[in-house]
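Please read the structure below before turning to the comments.
The values are calculated or read from the model by the stated rules, or taken from the named source; none is laboratory data. What you see is a predicted model, and the numbers here were worked out from it, not measured in a lab. Quick reminder, even Gly has a Cβ in these numbers, built from the backbone with ideal geometry, and neighbours come from all protein chains shown. With ligands, DNA and RNA removed, areas are computed over all heavy atoms of the protein, side chains included. Shrake-Rupley method; radii C 1.70, N 1.55, O 1.52, S 1.80 Å.
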Amino acid sequence: MNLLRLMVVAAAAIASSLFLAAPANAQDAPAAAPEAAAADDPWNGQIFLTFDDGPGGSYTDEILDVLAANDAKATFFMIGQNAQRDPARVRAVLEAGHTLGNHTWDHPDMTTLTRAQMDAQISRSQTLLESFGAEVNCFRPPYGAHNTTVNQAITAAGLQRQLWNEDTRDWSKPGVDAIVDVLLGATPGDVVLMHDGGGDRSQTVEALEIALPQLAAKGYTFGITPKCSSTA
């Protein structure tokens, strides 16, 4: 009898310890998952779309329509002389809630210029873009070409250099599918390079029409790059 009683007590103790080790509610176990996901994505699901060399006439209009249809915001890096020729489209970009970036006055390779020429390229374009009431906080050197002197000129102008890490190569007209592939490969935090100016951008427009709804279906959103966003 004593042996039987000891066996019963031991069994009860084991059962009790297993009960205490288990979570009180199975739904409590994954509670930390949202925090882990947020830590892995400091960008809150945002992809940063950028467009160079505009305003680009009717292609700018079409891109603005696609962005509006997908609740997307973007940064337009404008060339000063193009903005001077097409003030209505500069205003249209701003009125749609997008941001302007400085892309020089006439698109030279900045690394081939003297420091005085660099300063003039930046300041002339900056003055014009700000005349539209825009807050312009970032600069993109044409071709992405920069060196120590270019970087110093950008900083001296009170701007931040904004490059990219996803290049659609749409300027080369690689075909709609090729542009779509790059867009669909973008993930939160990526800065995507496209063009609304500089030539025929119909492939860019069509690719955006295809890719943006698919990216949105994944839960991604489209915002202004932190370097270019308002500091107000």
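A single member of Thr127, Thr114, Thr149 is among the hydroxyl-bearing types (Ser, Thr, Tyr) and open to solvent by less than 60 Å² (accessible area, probe 1.4 Å), and it is Thr149. Among the residues of the stretch 85-117, those that are touching a helix residue (DSSP H, G or I) at 6+ places or on another chain (Cβ under 8 Å), closer than 18 Å to Arg140 by Cα and not aliphatic (A, V, I, L, M) comprise His98, Asn102, His103, Thr104, Trp105, Asp106, His107, Pro108, Asp109, Thr111, Arg115.
Scanning for something assigned to a strand (DSSP E or B) and open to solvent by less than 20 Å² (accessible area, probe 1.4 Å), does the stretch 216-230 turn up at least one residue? Within the stretch 216-230, one or more residues are assigned to a strand (DSSP E or B) and open to solvent by less than 20 Å² (accessible area, probe 1.4 Å). Residue check, Pro174 against (1) surrounded by fewer than 17 Cβ atoms within 10 Å (Cβ to Cβ); (2) outside any loop (DSSP other than H, G, I, E, B); (3) not aliphatic (A, V, I, L, M), all met but one. Which one? Failed condition: (2). Scanning the stretch 126-143 for residues that are in contact with an Asp or Glu (Cβ under 9 Å, 6 or more places away or on another chain) and either in a helix (DSSP H, G or I) or not basic (Lys, Arg) (or both) gives Val136, Pro141, Pro142, Tyr143.
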